[in-house]
């Protein structure tokens, strides 16, 4: 299991493909130790992805529960060549979009009822922003204003280190469509950052 | 823009360097225990599936026994009717 991060560029491989095969075999056999290995390797990554997509800690906590419960419910039917990262992010993404669709329907048909229901606290919260550095704060805020289709490709490729092919499979689009969407998402994020004086800081901070 | 260009891009690098987040330790432990329970219960669910696959055999046996009983009843009626004549 490797995890590497370098300044400027980052290639992240939580589990190598060869490491995953025996792990998936153990998981299919119902070994709790195998589950723990996957859980510890991916829990925070999948949760951070859901948090940035849903922009609500409460919603992300509900969705992360369902992601892991789905894994154990389907453990015996996993294919031997299943790759855990793409599998987990696919489930997480699908759960997010299902949640979002339901939420939009509720908002469209019962807006009055929604005002009676306490809305979940927004994310990033003032506490999260205070804990982050200036640069990170700006990036988080800019990212949170992007459409979710842009946000997900940026997070999957740039933050989680998925290859364009894997990220395309997670998003159920072709690799070429993903490349185009990633380019548009990157341009949109850059524009959002240009609207604040952060871009100069960005260039100083990350240019190699 | 190629994928390698993306990795060297300062905007994407800023996204790459965002901090990670996690659920609370209490939530983590609770979810882990819950998943262990479901994972360990998996063979039980497979048994239930096996039982479901075996169900047609049980139904066939039941139908055969029912048919045999009806046949015996019919034969008995015919024999008694024949004896009465």
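Below is a table of values for the structure above.
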| quantity | calculated |
| --- | --- |
| Globularity ratio of segment A:13-81, using Cα Rg and 2.2 N^0.38 Å | 1.17 |
| Peptides A:175-181, B:65-71 ordered by average Cβ neighbours within 10 Å, highest first | A:175-181, B:65-71 |
| Where labels lie 7 Å past Cα in the beta-carbon direction, separation of residue B:65 and residue A:145 in nm | 7.5 |
| Cβ neighbours within 10 Å from other chains - mean over B:20-26 | 6 |
| Shielding of A:63-73 by partner chains, average beta-carbon count, 10 Å | 4 |
| Number of partner chain Cβ atoms within 10 Å, mean per residue of B:29-35 | 5 |
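Just so you know, all these numbers are worked out from the coordinates, no wet-lab data involved. None of the values given here were measured: they were computed from a predicted structure. Neighbour counts are summed over all protein chains in view; Cβ atoms, including those assigned to glycine, are modelled from backbone coordinates with ideal geometry.
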